[in-house]
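Student: Questions regarding the structure given below will be posed in turn.
Every number in this text was worked out from the coordinates using simple rules, so none of it is lab data. No experiment lies behind these values; they were computed from the predicted model shown. All Cβ positions, even for glycine, are placed from backbone atoms using ideal geometry, and neighbour counts span all protein chains on display.
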Amino acid sequence: MIGTSVSNTSHALNHVAIIMDGNGRWADSHGLIRSEGHRQGTKNLREVVKAFADEGVSFVTLYAFSKENWQRPRNEVQNLFDLLVESVAQNLEGLHQDGVCIQHLGDKNNLPYEVREAIGHSEKITKGNYHVTLSVAFNYGGRAEIIEAVKKIVKDSIAFSDITERVIEDRLYTSAIPDPDLIIRTAGEKRLSNFLIWQSAYSEYYFTDVLWPDFGKADVQKAIREYKSRKRKFGALES
């Protein structure tokens, strides 16, 4: 409760969420087309997930495609769809061997058939893994997620007086995973971009100028060191 003194010595890091930014700028800096930047951005995925798992992180969430991304040029959107299918084909076996359980966060309804198939296949193959849970936010929007939760509450005929935070949380895409302790955004941008806006109420933020395709194990360790140097009070007084 507000005003209650609590210990701030614990820096347990259970869930890290990442806004993967800078693929286009990486491509520009290498004289390549934007789609090659996005492709390069999938190549460090397994390394980054493993690096966090090695540090004791049990949940990693990646912001891969937002509902706002539909506003991009049609060919770029299609390239992102194709890349997801390609990435599943190339990375699934390795992630499965690493004990990664993959799950999708977002709206599947208006995604192309082949994308829905790739998502469903990756979830089915890895559903028995427990080393680390990799949530991929694809066709995801934080506000849309909350709206969908409200619709479910109405559909379930829950009384006004019975609506609590838990009732809402149980109807979010993230109902099975804890809120993120740390949210990382690459490429120097400092905004949330409609990502996990309910779940991030008490998350710590870490912004880095490193472009996502260049983000690797050393950057993971640097982010964790920064996180562990902070005090998380959750609205309480320092002890």
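Student: Compute the FRET efficiency between SER29 and TYR130 as 1/(1 + (r/R0)^6), taking r as their Cβ-Cβ distance and R0 = 45 Å, and round to the nearest 0.05. If you can, show how the numbers build up before the last one.
Tutor: Details: r = 39 Å, r/R0 = 0.86.
FRET efficiency, SER29 to TYR130: 0.70.
Student: May I ask you to compute the full-extension gain from GLN90 to ARG74, defined as 0.36 nm times their residue separation minus their alpha-carbon distance, rounded to one decimal in nm? Walk me through the numbers on the way to the answer.
Tutor: Working: separation 16, 0.36 × 16 = 5.76 nm, distance 2.43 nm.
Roughly 3.3 nm would be gained on extension.
Student: Would segment 138-239 count as rounded, prolate or oblate if I go by the C-alpha gyration tensor, calling it rounded below 1.5 in a/c and otherwise prolate when a/b exceeds b/c, oblate otherwise? Mind dumping the intermediate values first?
Tutor: Details: a/c = 3.10, a/b = 1.70, b/c = 1.83.
It is oblate, given that a/c is not under 1.5 and a/b is not larger than b/c.
Student: Using a simple spin-label model with points 7 Å from Cα along the Cα→Cβ vector, what separation in nm is obtained for ASN194 and LYS152?
Tutor: Once both label points are built, they end up 2.0 nm from each other.
Student: Evaluate the distance, in nm, between pseudo-label points positioned 7 Å from the Cα of VAL167 and of ASN14 along their respective Cα→Cβ axes.
Tutor: 2.4
Student: Can I ask one more? Suppose every Lys and Arg Cβ carries +1 and every Asp and Glu Cβ carries -1, with no other charges. What dipole size does segment 1-116 come out with about its Cα centre, to the nearest 20 debye? Each step should come with its number before you reach the end.
Tutor: Numbers: 11 positive and 14 negative charges, 50 e Å.
Dipole of segment 1-116, to the nearest 20 debye: 240 debye.
Student: Listed here are the pairs LYS50/LYS124; LYS108/LYS233; LYS43/LYS67; LYS67/LYS127; LYS151/LYS222; which of them are more than 29 Å apart at the Cα?
Tutor: Numbers: LYS50/LYS124 20 Å; LYS108/LYS233 37 Å; LYS43/LYS67 23 Å; LYS67/LYS127 26 Å; LYS151/LYS222 41 Å.
Violating the 29 Å Cα-Cα cut-off are LYS108/LYS233; LYS151/LYS222.
Student: Could you state the number of Å between the C-alpha centres of segment 118-174 and segment 96-112?
Tutor: Between the Cα centre of segment 96-112 and that of segment 118-174, the gap is 13 Å.
Student: Any idea what the relative contact order of the chain is, in percent, if you count C-alpha pairs under 8 Å spaced at least 6 apart?
Tutor: 32
Student: With a ≥ b ≥ c taken as the square roots of the eigenvalues of the C-alpha gyration tensor of segment 181-232, please select rounded if a/c is under 1.5 and otherwise prolate if a/b is larger than b/c or oblate if it is not?
Tutor: Taking the square roots of the gyration eigenvalues as a ≥ b ≥ c, segment 181-232 is oblate.
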